[in-house]
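Right, one structure below, let's go through it.
Read the figures in this text as sums done on the coordinates, not as results from a lab. Please read all numbers here as calculations on a predicted model, not as lab measurements. Note: ideal-geometry Cβ built from the backbone for every residue, glycine included; neighbour counts use all protein chains shown.
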Amino acid sequence: MQVITATAAPSSESSSNFDDLGLSAPLLKALSEKGYSTPSPIQEQAIPAVLSGRDLMAAAQTGTGKTAGFTLPMLERLSHGARSGRCQIRALVLTPTRELAAQILDNVRVYSRHLRLRSDVVFGGVKVNPQIQRLQQGVDLLVATPGRLLDLYQQGAIRFERVEFLVLDEADRMLDMGFIHDIRRILSKLPERRQNLLFSATFNPSIRKLATGLLHDPLQIQITPPNQTARTVQQLVHPCDMKRKPELLSHLIRTNNWQQVLVFSRTKHGANRVAERLSKEGLSAAAIHGNKSQGARTRALQGFKDGSVRVLVATDIAARGIDIQQLPHVVNLDLPNVAEDYVHRIGRTGRAGECGHAISLVAAEESLLLKAIERTTRESLEKVLIPGFEPTVLEAPPIDLSGGRGRRTPRSGSGSATRHDRGRADKPRSKSSARPRRSGRTSQR
Ligand code: AMP
């Protein structure tokens, strides 16, 4: 297997340009209108490989430009073939979340604006009939979440005989979310002759197993070592007491005058509580998580993008696919249960070579989670005390991540079906210490 390794350097450091990669004029025009001048490292590798018909297995974290890496060459090849027929699709992109699916379609539409190709998206949580009607006209490139796609297939609203491309995006997350059976069912219905592109932030044993049955002589691309955070993101930890976190969050937003902040909460209830509290204090805030209707999720995200919502509080799953140009601040109100999610969370800032700022409010109860993150990222995070919010609790039993179903320790790897929305900070079981280093610095960002 051919393996190519590259670092996810800012695109301005790249030496090639899009003209050299084999894309035709309509796509080049769309790229220049979008303002992309140089391909990112993953685009440099993936575009020629996909154009030549090869399968791909790419380890690339968000923010590397991977979406254009697989979308552009597929659009190029689709533009040379016959248009899609009734209920037919020619390229299928599977993603774990609705937000990511919508985001990918947005990108596809921008890149394909000068091509005569039809693209669409289907996901659950919204009415199925309009989706059925749109599919009847035929779709060249369809982005979908697995459950709704299977529903549509079972209803006879979609046919797979003409599928030429399959993309599994954020495959590790799809397995984490328990989609493996849906994925295998979809695979069993697709034509055998097709091109397969698999993208995953990490390649754990279950992803490798999936890849073995799926990919034929793939080009393997490794853009950054797994679990490495982008160099452009400045990371800080502010130690504080658990119960004062909401207060500290609002203090930081106000004193630093942050205008666009993505906040991560471990639980749905926690996300609601913090969003409500901030709103009452006059900071426009919205929560986004799996219990919210699709309409509420879309509105919150849109408000966050257009600036009417200053603080978006999200759980891990809901936050997948949030891609906002130059998102300046990410705050971990709670540390994630799974250390790799830390990398995904802070990947929302510092995208495509921009500078970002990621802070974590860490209570003594989370010291084991913090250690797991530092082990996974192989980085020691700088701790800065905020005057007036110094922790009074320096030692505390760790958070029970089981939600009351028995002891669990923080994991520094992914691969099992941990549900990120489930943890509750109750039932302490064992002792650990967390003694923050005192520093004279305060955060001025
Ligand atoms: P992705 O990793 O696909 O989620 O892309 C991350 C961000 O980088 C998105 O906002 C893209 O619009 C942007 N992007 C992708 N490719 C390029 C490029 N070649 N030049 C500048 N920005 C890009």
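Applying both filters, DSSP loop and at most 16 other Cβ atoms within 10 Å, to the GluC sites (Glu not before Pro) of the range 80-189 gives 161. Report the relative contact order of the range 2-223, percent, no decimals, based on alpha-carbon pairs under 8 angstrom and at least 6 residues apart. It rounds to 30 percent for the range 2-223. Counting only residues at least eight positions apart within a chain, or on another chain, the lysines with an alpha carbon under 22 Å from that of residue 245 are 268, 280, 371, 383, 427, 431.
DSSP loop GluC sites (Glu not before Pro) in the range 187-289 with at most 13 other Cβ atoms within 10 Å of their Cβ, which ones? If you can, show how the numbers build up before the last one.
On the way: sites: 192, 247, 276, 281; in loops: 192, 281.
Of the GluC sites (Glu not before Pro), the ones in loops of the range 187-289 whose Cβ has at most 13 other Cβ atoms within 10 Å are 192, 281.
The 3J(HN,Hα) values that the Karplus relation (6.51, -1.76, 1.60; θ = phi - 60°) gives for the range 131-146 are, in residue order, 5, 4, 4, 5, 5, 4, 6, x, 9, 6, 10, 10, 9, 8, 9, x Hz. Gly and Pro appear as x.
For 87, 240, what's the fewest-to-most ordering of other Cβ within 10 Å of each Cβ? Intermediate values should be presented prior to the final figure.
Values: 87 19, 240 24.
In order of increasing Cβ crowding within 10 Å: 87, 240.
Footprinting exposure proxy ranking of 97, 298, fewest other C-beta atoms within 10 angstrom first, gives 298, 97.
Along the range 35-48 the Karplus relation, 6.51 cos²θ - 1.76 cosθ + 1.60 evaluated at θ = phi - 60°, assigns HN-Hα couplings of x, 7, 9, 10, x, 6, x, 5, 5, 4, 7, 6, 4, x Hz to successive residues, with x for each Gly and Pro. Between amide H atoms placed 1.01 Å from N, distances below 5 Å from residue 221 occur with 4, 57, 58, 59, all of them 5 or more places distant or on a separate chain. In sequence order, the range 117-126 has phi-based couplings of 10, 9, 10, 7, 9, 10, 8, x, x, 10 Hz under the Karplus curve 6.51 cos²θ - 1.76 cosθ + 1.60, θ = phi - 60°, and Gly or Pro positions carry x.
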